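The values are calculated or read from the model by the stated rules, or taken from the named source; none is laboratory data. Since the structure is predicted, the reported quantities are computational estimates derived from the model, not experimental observations. Cβ placement follows ideal geometry from the backbone for every residue including glycine, while neighbour counts extend to all protein chains displayed.
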Amino acid sequence: MKVLAIVGSLRENSFSEQVARAAGDLSPEGVELEIFEGLDSIPAYSADHDPAYDGPEAVAAEVENLRDSITAADALLIVTPEYNAGPPGYLKNAIDWASRPHKASSLAGKPAAIVSQSPMPFGGIWANQSIRKSLTITGTPTVERELAIGKVDEKIEDGRLVEDQARTDLTALMAELNELVAVIAGQQAEPAAMA
Ligand SMILES: Cc1cc2nc3c(=O)[nH]c(=O)nc-3n(C[C@H](O)[C@H](O)[C@H](O)COP(=O)(O)O)c2cc1C
C-alpha cells in the first residue's frame, strides 16, 4: 500500500514532517509512505483558474502534480500543525484544489487518516477536526481514530518521535488506515447485488 503524506508545515524539519516520518516507520509491513513535495508552490485557489468552472482547459502544473500524486496513492495521511484554531491556509488551499471537480475529484473515495500536533496540550485538535470536516465533504473516507499529539516538543528527540504513547497511537492509526483501504477495496470488488 502506498500512502501519500501531506505535511501541513512548510518549515524545515518541522514537527509535522517528523511525525509523518515516524508514521512511515510505524506502519504495518508492506506500507510505503512518501511525503508530498510541492505544497508551497500550489497557487491560491480561484474558480477563474479552475476548468471545473469557467477557468482554462487545464489546472496549473503544480495542482496537477498534487492531484496525480493523490490519485497514484492508495491512501492519504494528513499531518498538520494548528494555526489560530484551524489548519494552515496553504493546506486547506491544497485540499480545495484537490476537491474539484466535486464528487469526481482525486480525493473522492480515497481513504485518509489525520494527525495533528502542537506543543500545546490539545495537540491541534481544532485543525484536526477541521480537516476531517473538509475531507468528509469531499467524499474522502477517514479513519475514526482522532490523533492529536500534544506537547509534541517533549516527544521528539533528535528528529525522532520517542514518546511511547504517541508511538502506540500512531501505530494504531496507521493500522486502521491499512484496514480501511482493505475494506474499501473489498467493497469495490463485491459483485452487484442480484435483482
Ligand atoms: C500563525 C500561527 C498560529 C498558531 N496557532 C496555534 C493554535 O491555534 N493552536 C496551537 O496549538 N498551536 C498554534 N500554533 C503553534 C503551532 O501549531 C506549533 O508550533 C506547531 O507545532 C508547528 O508545527 P510544525 O513544526 O509542523 O511547523 C501556531 C503557530 C503559528 C505560526
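Restricting attention to region 5-20, the residues being surrounded by 22 or more Cβ atoms within 10 Å (Cβ to Cβ), touching a helix residue (DSSP H, G or I) at 6+ places or on another chain (Cβ under 6 Å) and within 26 Å of Thr71 (Cβ to Cβ) number 4. Selection of region 156-192 for residues being more than 15 Å from Val143 (Cβ to Cβ), assigned to a helix (DSSP H, G or I) and touching a Lys or Arg at 6+ places or on another chain (Cβ under 7 Å) yields only Ala166. Among the residues making up region 72-87, those that are of a type outside the set (Asp, Glu) and near the ligand (Cβ under 8 Å from one of its atoms) are Val79, Thr80, Pro81, Tyr83, Asn84, Ala85, Gly86. For region 110-120, the set of residues classified as aliphatic (A, V, I, L, M) and more than 7 Å from the ligand (Cβ to nearest atom) consists of Ala112, Ala113, Ile114, Val115, listed by residue number.
Looking across Lys92, Lys2, one residue alone is closer than 28 Å to Gly123 by Cβ, within 16 Å of the ligand (Cβ to nearest atom) and basic (Lys, Arg). It is Lys92.
In the set (1) over 21 Å from Glu34 (Cα atoms); (2) in a loop (DSSP other than H, G, I, E, B); (3) touching a helix residue (DSSP H, G or I) at 6+ places or on another chain (Cβ under 8 Å), the condition left unmet by Asp153 is number (2). The set of residues in region 5-52 being under 17 Å from the mean Cα position of the chain (by Cα), within 16 Å of the ligand (Cβ to nearest atom) and among the polar types (S, T, N, Q) consists of Ser9, Ser14, Ser16, Gln18. Filter region 163-195 down to the residues that are modelled with pLDDT under 95 and either in contact with a Cys (Cβ under 8 Å, 6 or more places away or on another chain) or of a type in the set (S, T, N, Q) (or both) and list them by number. Those that are modelled with pLDDT under 95 and either in contact with a Cys (Cβ under 8 Å, 6 or more places away or on another chain) or of a type in the set (S, T, N, Q) (or both): Gln187, Gln188. All of (1) more than 28 Å from Ala182 (Cβ to Cβ); (2) away from the ligand (no atom under 16 Å from the Cβ); (3) not polar (S, T, N, Q) hold for His102 with one exception: (1). Pairs meeting the criteria (first residue in region 121-143 and part of a loop (DSSP other than H, G, I, E, B) and away from the ligand (no atom under 12 Å from the Cβ), second residue among the basic types (Lys, Arg) and modelled with pLDDT of 95 or more, beta carbons under 8 Å, at least 6 apart or on different chains) are Thr140/Lys110; Pro141/Lys110.
Selection of region 27-60 for residues being in contact (Cβ under 8 Å) with a residue 12 or more places away in the chain, more than 20 Å from Val115 (Cα to Cα), surrounded by 13 or more Cβ atoms within 10 Å (Cβ to Cβ) and not aliphatic (A, V, I, L, M) yields Ser41, Tyr45, Asp50. Of all residues in region 75-123 being at pLDDT 95 or above and of a type in the set (D, E, K, R), which is surrounded by the fewest Cβ atoms within 10 Å (Cβ to Cβ)? The extreme case among them is Asp96.
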